[in-house]
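What follows is a single structure, written as structure tokens, with notes after it.
No value in this document is a laboratory result; all are computed from the given coordinates. All of these numbers come straight from a predicted model, not from anything done at the bench. All Cβ positions, even for glycine, are placed from backbone atoms using ideal geometry, and neighbour counts span all protein chains on display.
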Amino acid sequence: MNAIVRRMPSRYLIQSMYNPVGFMDEFESLARQMWESWEPVTYRTGMMTNLDMYEEKDELVIKVELPGVKKEETEISLEDDVLTIEAEKKGEEHTEDTKFYTRERWYGKTCRSIRLPFQVDGDKISAKLDEGQLHIRLPKAEEAKPKHIEIQAT
């Protein structure tokens, strides 16, 4: 008779290859033990802000998703050709008795830096935060705008 020996957490299991019912009973018991001891896992990875960046007429438009973030919790800065967006979403208070089964909503700080594809006029940048969407408009700098060169007749 062929037998398989496996080391289980608290005992040895000997199963016959010709007894699939015994194998399924043991598998079900193992699955039950696993689910009874299950605890939710919380990952502290921070929020990755999703954004769209595109050119429209003579300006760069950036739209960033920041759900649940307030204007006072958001900062935008421009240094050389890098735009940096920093935001913080405050967490909710919970008692020690609170038991989470799933916790996917993000709380904490996030920071995203984006290299701009061309020079912008830093004095004319505008930004507004509306219903979790940050809209930033960055007009092209004069030196970045295309120039039309007139050809002289000879």
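Miscellaneous remarks
- Computed from label points 7 Å out along Cα-Cβ, the spacing between His135 and Lys147 is 3.4 nm.
- In segment 86-145, Cα pairs under 8 Å separated by at least six residues give a relative contact order of 29 percent.
- Sites matching GluC sites (Glu not before Pro) across segment 81-128 that sit in DSSP coil, with at most 12 neighbouring C-beta atoms within 10 Å: Glu92, Glu93, Glu96, Glu104
- With semi-axes defined as the square roots of five times the eigenvalues of the C-alpha gyration tensor, the equivalent ellipsoid of segment 83-126 measures 38, 11, 6 Å, largest first.
- DSSP-loop chymotrypsin sites (Phe, Trp or Tyr not before Pro) across segment 86-116, with at most 14 other Cβ within 10 angstrom: Phe100, Tyr101, Tyr107
- Looking at segment 63-154, the trypsin sites (Lys or Arg not before Pro) that sit in a DSSP loop and have at most 13 other Cβ atoms within 10 Å of their own Cβ are Lys70, Lys90, Lys99, Arg103, Arg105, Lys147.
- Under the simplified labelling scheme, the Glu104-Met53 pair shows an inter-label distance of 2.9 nm, with each label point 7 Å from Cα along Cα→Cβ.
- Share of pairwise Cα separations in segment 95-154, more than 17 Å, in percent: 69 percent
- Phi to ³J(HN,Hα) by Karplus 6.51 cos²θ - 1.76 cosθ + 1.60 over segment 49-57, Hz, x for Gly, Pro: 6, 8, 8, 10, 9, 8, 9, 9, 6
- Ignoring lysines fewer than eight residues from Lys89 along the same chain, the ones with Cα atoms less than 21 angstrom from its Cα are Lys63, Lys70, Lys71, Lys109, Lys128.
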